[in-house]
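This report concerns only the one structure given below.
The values are calculated or read from the model by the stated rules, or taken from the named source; none is laboratory data. These numbers were taken from a predicted model, which means no experiment stands behind them. Here the Cβ positions follow ideal geometry from the backbone for every residue, glycine too, while neighbour counts run over all protein chains shown. Note: accessible area is taken over every heavy atom of the protein model, side chains too, but ligands, DNA and RNA are not part of it. Shrake-Rupley method; radii C 1.70, N 1.55, O 1.52, S 1.80 Å.
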Amino acid sequence: MHDVTIDSGISAAFDMKNCKCLLMLALCLLPLMVSPGSGRAVVLDPDTALTASASSSEGVRADGGRAMRPTFVKITAAPPARVAQIRGTTVELECEIMGSPTPTVQWVHGSGQTADWEDISVNVISEENPTSVARVVTRLVIDRASRASQTTFTCIGRSAGQEVSSSTVVHHVDSVSHLGNFSDMPLLHPSAAVDSMFKNLKGARITLHFKTLFENMGSTVVLPCKAIGRPLPEITWLNEEGNVVGSLQDPRFRTLPTGELIITGLRWADMGSYTCVAKNVLSKDESETFVYPIRPN
């Protein structure tokens, strides 16, 4: 049984919303082993059973010397190892990485060159706060297939000097009839066809966001939401009630021009899901981030 210990003063204030949030929290913690806490904080330990992970016993320590939230990084959902792509189509690879502190995540291709050319969206985030624990979802959107017969793309996650990675070999073919020896591999499904009058436009697609974030109360939280599209999508954040979140509603919340949602002075009442909506004239895309405030020691 996974135990989450919460200050008694907070537990008395639970309502139906908090029960829902705790259920979501339990689902978020499935990849982790959660040890009993001191009555003041959630204690997170890395799941050493996963092979695609790295961890260290050196973590943020409480005054009593007990390790709290050891540093770790792991791949919680890897992209497929080998896939086939039909030339001329737009396809995606998705990678999910969890770490403490929040890991940096990026895609590289071939021998290690960053996948940053025009036809590929590259997502890199940096560690913002050493007390945070985050699960990051990143998508690599490939507009056109390489002229080469195959290309290797690698998703890399780094945190506190530790690193994990997972690679996908994409085999490029001219058509379904040319799959040949690749017929046993998953075929990356292309994006929906676009009317010729919109051929220079691209639908909105979110390429990086947090799936979950654990952060100390009182901290300033940055929730990323990177999106691509032509024209560039507008970003809006919604709370669980579907209302727009921003400084007009609460000065502690503001959305940056680059799409990030900033929450200043994180409170217990801020716990819950926040939805990023990216929209342009062609389409819209949504992603959800669950925020769990932790009472610091």
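Data for the structure
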{"quantity": "Whole-Hz ³J(HN,Hα) from phi, Karplus 6.51 cos²θ - 1.76 cosθ + 1.60, for the stretch 252-259, glycine and proline x", "calculated": "6, 10, 8, 9, 7, x, 7, x"}
{"quantity": "Globularity ratio of the stretch 201-297, using Cα Rg and 2.2 N^0.38 Å", "calculated": "1.08"}
{"quantity": "Charged-residue dipole, Cβ positions (Lys, Arg, Asp, Glu), the stretch 199-296 about Cα centre, Debye nearest 20", "calculated": "440 debye"}
{"quantity": "For the stretch 199-296, accessible area per residue (1.4 Å probe, heavy atoms of protein chains only), Å²", "calculated": "45 Å²"}
